[in-house]
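Data first, discussion second: the structure below is written as structure tokens.
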Amino acid sequence: MQKSLSIDPGKCTGCLQCEMACSLENEGVFNTAKSRIKVFTFHEEGKFVPYTCTQCDEAWCMHACPVDAIVVNAATGSKDVISDLCVGCKVCTIACPFGTVNYNADSGKVVKCDLCGGDPQCVDACPTDAITYVDANATGLDKMRQWAEKTDNTVGS
Amino acid sequence: MAWTRQILRVNLTEGTCIAEPLNMDWANQYLGQRGLATRYLVEEVDPKVDALAPENKMIMATGPLTGTMASTGGRYSVITKSPLTGAVACSNSGGFFGAELKNAGWDMIIFEGKAASPMYLHIENESATLVDASDLWGKSCWETDELLHAKHQDPQIRVACVGRSAESGCLYSAIINDLHRAAGRSGVGTVMASKNLKAVSVRGTLGVGNIKDPARFMKSVKAGKKVLAENPVTGEGLPALGTQVLMNVINEVGAMPTRNMQEVQFEGASKISGEAMLEPRASDGKPNLTRNGGCFACTIACGRISTIDREHFSVKDKPQYWGNSGGLEYEAAWALGSDTGVDDLDALTYVNFICNEDGMDPISFGATVAAAMELYEKGVITTQHTGGMELKFGSAEALCWAVEQSATGEGFGADINLGSRRLCEKYGRPELSMTVKGQEFPAYDPRGIQGMGLTYATSNRGACHLRGYTVSSEILGVPEKTDPLTTDGKAGLVKAFQDATAAVDSAGLCIFTTFAWSLDDISPQIDAACDGDWSPERLVEVGERVWQLERDFNMKAGMTGADDTLPDRLLKDAAKTGPASGKVCELGNMLPEYYQLRGWSADGNLTAETRSKFGLPS
């Protein structure tokens, strides 16, 4: 069964544990500047929103890449950057409608979320379950349950 | 490791920014942040210096765990000599600034001298530059933050700055970072402004590595997070209600200082409590609290994010205050509310916003207004002094007026900005100032919580709850319950809390973790991150060394054992209501034993033996 990251901004407190877990896994240091997932703070609105790659099925980044350096991971469905092939042309960063592929000037390659090969560390680090890793075919299950709960099924109602 | 081993020395007189290696001998003795920066201060600053003179220095310091995934590991402290107390100042702040500084590769910044004209320091990793800030001078913290983000076209920089209050010389000015987190107490912002330093903006992209044993570190970090999540205070109470979870609790035990500490219970407490912040209001059906928010790496997330009722008189014509910002913490709600007798939640939230916007410590501000209100009610201060404002206890209008005056230092604001002690001295009634060593009390009346009396009297930065929070034991039963109304065993309790707190601060962690964590939870995290053996026993030793060093600075600054006392009101006027009814704070029962446990002489001086035991500099 394929799984997807499911993000519920209503639960996010903006602590950045996810960003650090991501950078530790991928860069070997605690460094929010190098995270593939970013938490955005909307101060006036009192809102925190984690945002990362949705692993599009017809991924713009993958189709745009001139050297086929972005490939589908058959096991997880993620679109992974093959660093050895990437030439750092950044076309994928332009192609992605969501901004979730970014260039890393230190390595000269692009980086994006690869679901940590099926064990996303942001999920593990999140203290409030704002980020979960769930059945890709049922990411709406929690919302459905919340609405279902509002149903009044008292006899005669 | 875990330290970056690099500090930045900024000489504002010369206009230089120079990197130098961290003194690792001192790091091994004082760990980091509060302790380590105090060691630098002691080495470099004459304790007798005028706090607002260029010869005073100001240090922004992170700890070894700052910038890591250790829960709450995002703290920094500002260490300097305080203009409010004349003692060592160490004000701790969360938010994101501290972690960004570490991420840019710096353990600390030492500011020395004074710039000829307003400047700000801009840091991008190893590059540090002093930049002209004449366009920022005269702006609030919120405006400064916005202008710096716009100027650098980088939404990811983090800013710590001072507001107009500090520029005008307000003695309790804070340094505000990330809009609504503060290195709040003892006037550290006043020192920053005295150096013509308006702001520090930082962008760090280097990361925090150098963890001694990464696998063991992550294992202990995860274990620590689990303990916090499963604890009723850190896992439920603080996220849901913030520190405001305490308002009703402390009022019920009769330790809620009210109307300049004349009483110990406030009849309006429930209206300004954490629970009240969840109640939908009449105008728009929304509660005061929008949600909770966390500081960097914090898995507790006690922070309040609030709005003010748009219909409220304070903001009706000011749409700039209609959005969300940092809401009331317990200390602010107490000082701005109970201590002034004001039970208007929206007024308190507005005043809290202004304290953040222009950088005032809401504890000292509220307590100073409370003293002014008592002076007014006693006929010492009149409408002639206030320009017509009736400064009565319970007046939300007077409170909102006062904060606007304090923010700019104009009119009666110049008097309020003196702080409680100097205000009461100016008007000839020093006994009405509720302060220790010149710093205003926080939200726990020591007649109802006896151990806090000793905590306040001996705190190295003047009255403060965050130097030894025995409320944990005396009220909440953490780590074990003691009777708040007795003095037995409190000397040892206070010392234990003071030492542990100094160690936690020096690590770069938040003291709120200790509602759930003991040093047995903290030590494995430090030990896995830092070179050397960091057992709980060694942390206690480091904590006590920090305490002795701070005390030594204060004694050399001219303080004596006679300064370890409380206002007569708390020592002689008994509590009138509640469980502590009839009680005064029996400080005299605790102080001699405390001195003995500390290894001090009967008059409170460090003995030669104690100095040598902790290896204090001469």
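We did not get these values from a lab; they are worked out from the coordinates using the rules stated. In this text, all values refer to a predicted model and were calculated from it rather than measured experimentally. Please note: Cβ atoms are built from the backbone with ideal geometry, for glycine as well, and neighbour counts cover all protein chains shown.
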Worksheet item: Using a basic spin-label model with each label point 7 Å from the Cα along Cα→Cβ, how many nm lie between B:Glu425 and B:Gln6?
Response: 4.4 nm
Worksheet entry | Sorted by Cβ density within 10 Å, fewest first, the residues B:Cys90, B:Cys510 | B:Cys510, B:Cys90
Worksheet item: What translational diffusion coefficient, in µm²/s and rounded to a whole number, does the Stokes-Einstein relation yield for segment B:464-615 at 25 °C and a viscosity of 0.890 mPa s, taking the hydrodynamic radius as the Kirkwood radius over Cα pairs?
Response: 145 µm²/s
Discussion item. Treating only the Cβ of Lys, Arg, Asp and Glu as charged (+1, +1, -1, -1), what charge dipole size does chain B show about its Cα centre? Round to the nearest 20 debye.
Written reply: 540 debye
Item to complete: For segment B:6-203, calculate the relative contact order in percent as a whole number, restricting contacts to Cα pairs under 8 Å that are 6 or more residues apart.
Response: 23 percent
Fill in: Gain in span if fully extended, B:Thr607 to B:Ser535, counting 0.36 nm per residue against the direct Cα distance
23.2 nm
Fill in: Difference of contour (0.36 nm per residue) and Cα-Cα distance, B:Thr577 to B:Ala150
148.3 nm
Worksheet, complete the sentence: On the formula 1/(1 + (r/R0)^6), with r taken between the Cβ atoms of B:Asn23 and B:Thr486 and R0 of 56 Å, the FRET efficiency rounded to 0.05 is 0.80
Worksheet entry | Residue-by-residue Karplus 3J(HN,Hα) for segment B:132-140, coefficients 6.51, -1.76, 1.60, Hz, glycine and proline x | 4, 10, 4, 6, 9, 5, x, 9, 6
Worksheet item: Is the protein assembly as shown best put as rounded, prolate or oblate by its Cα gyration tensor, with a ≥ b ≥ c the root eigenvalues, rounded for a/c under 1.5, and otherwise prolate when a/b is larger than b/c, oblate when not?
Response: prolate
Worksheet item: What's the lysine pair count for segment A:53-157 at a Cα cut-off below 29 Å, pairs eight or more apart or interchain?
Response: 7
Practice prompt. Take every Cα pair under 8 Å in chain A that's 6+ residues apart, average their separations, divide by the length, and report that relative contact order as a whole percent.
Written response: 29 percent
Response to the item:
Nearest-0.05 FRET efficiency for B:Ser518 and B:Arg216 at R0 = 22 Å, using Cβ-Cβ distance, is 0.70
Worksheet item: Using the count of nearby Cβ atoms within 10 Å as a rough guide to exposure, how do B:Met24, B:Met555 rank from fewest to most?
Response: B:Met24, B:Met555
Worksheet entry | Farthest toward positive dipole pole in the protein assembly as shown [+1 Lys/Arg, -1 Asp/Glu at C-beta], among B:Gln29, B:Ser459, A:Leu24 | B:Gln29
Worksheet item: Based on Cβ point charges of +1 for Lys and Arg and -1 for Asp and Glu, what charge dipole magnitude is obtained for segment A:1-139 about its Cα centre, in debye rounded to the nearest 20?
Response: 260 debye
Discussion item. Let me confirm one metric for peptide B:208-220, namely the mean number of other chain beta-carbon atoms within 10 Å of its residues' beta-carbons.
Written reply: 2
Item to complete: Calculate the dipole size of the protein assembly as shown relative to its Cα centre from +1 charges on Lys and Arg beta carbons and -1 charges on Asp and Glu beta carbons; express the result in debye to the nearest 20.
Response: 500 debye
Practice prompt. Work out the mean other chain Cβ neighbour count within 10 Å for the residues of A:22-33 and drop it here as an integer.
Written response: 6
Worksheet item: Cβ under 10 Å from B:Leu65's Cβ, B:Leu65 left aside: what net charge do those residues give with Lys, Arg +1 and Asp, Glu -1?
Response: +2
Discussion item. Please compute the contact order of chain B in relative form: average sequence separation of alpha-carbon pairs under 8 Å and at least six residues apart, divided by the residue count, as a percent.
Written reply: 16 percent
Worksheet item: In whole Å, what is the distance between the alpha-carbon centres of segment A:36-61 and segment B:553-618?
Response: 53 Å
Worksheet, complete the sentence: Net charge near B:Gln548 (other residues with Cβ under 14 Å of its Cβ; Lys, Arg +1; Asp, Glu -1) is +4
Worksheet entry | FRET efficiency estimate (nearest 0.05) - Cβ-Cβ, A:Glu45 to B:Arg310, R0 22 angstrom | 0.90
Discussion item. Quick check on chain B: take the gyration tensor over C-alpha atoms, sort the square-rooted eigenvalues as a ≥ b ≥ c, and tell me if it's rounded (a/c under 1.5), prolate or oblate.
Written reply: rounded
Discussion item. Cut-off is 10 Å between beta-carbons; in what order do A:Asp84, B:Asp445 appear when sorted fewest neighbours first?
Written reply: A:Asp84, B:Asp445
Item to complete: Amide H neighbours of B:Val342 under 5 Å, at least 5 residues apart or on other chains, H built in the peptide plane: list them.
Response: B:Gly394
Worksheet item: What shape does segment B:6-203 take by its C-alpha gyration tensor, where a ≥ b ≥ c are the square roots of the eigenvalues and a/c under 1.5 counts as rounded, a/b above b/c as prolate, and the rest as oblate?
Response: rounded
Response to the item:
Expressed in nanometres to one decimal, the distance between label points 7 Å along Cα→Cβ at A:Leu85 and A:Asn137 is 2.9 nm
Worksheet item: Given 0.36 nm per residue, what is the gain on full extension from B:Asp284 to B:Ser117 after removing their alpha carbon distance, in nm?
Response: 55.4 nm
Worksheet item: How many nm is it between the label spots at B:Thr560 and B:Leu597, if each spot is 7 Å from the Cα in line with the beta carbon?
Response: 2.6 nm
